[in-house]
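Novice: Let me begin by handing over the structure; questions about it come next.
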Amino acid sequence: MKLIPATFLILVGLFLTAPYESDAGSFISWFLAVAAKLGVRLVENAYYARCNTRNAPPGISCPGDVFGMGMSRSEAPNSAKAYASLVGDSLCAAYVRNCQIFRFSEQRGK
């Protein structure tokens, strides 16, 4: 019986933290912000990731948020790891966690 409330809380948490697709302006702005950080244009059907680099040990300088883009769901966080190593210390890729990954489609904004 305790599993049902925990599952319910997880689902509610996921719902509350997901971007609002019905608010097309703010959802498109999420993609635009990630693309701007990467210095790329939005590409139809590409996956965009925003991750964080928490819990890096002292002495390793990592940015708080890192960004990635790829044509598959697995390429986007790998790109974020490369970005972390590029803008921070070379060891930052090992601390990339908690990625939000979404597929861009122009139909979402219409």
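None of the figures in this text is laboratory data; all of them are computed from the coordinates on show. What you see is a predicted model; the values in this text were computed from it and never measured. For neighbour counting, all protein chains shown are included, and Cβ atoms are generated from backbone atoms with ideal geometry for every residue, glycine included.
Novice: Which net charge results for the neighbourhood of Pro57, defined as the other residues with beta-carbon distances under 15 angstrom from its beta-carbon, given Lys and Arg at +1 and Asp and Glu at -1?
Specialist: Charge balance in the 15 Å sphere: +1.
Novice: Whole number please: convex hull volume per residue of the Cα set in region 23-109, in Å³?
Specialist: Convex hull of Cα atoms, per residue: 80 Å³.
Novice: Over region 23-109, calculate the relative contact order: mean separation of alpha carbon pairs under 8 Å at least 6 apart, over the residue count, as a percent.
Specialist: 34 percent
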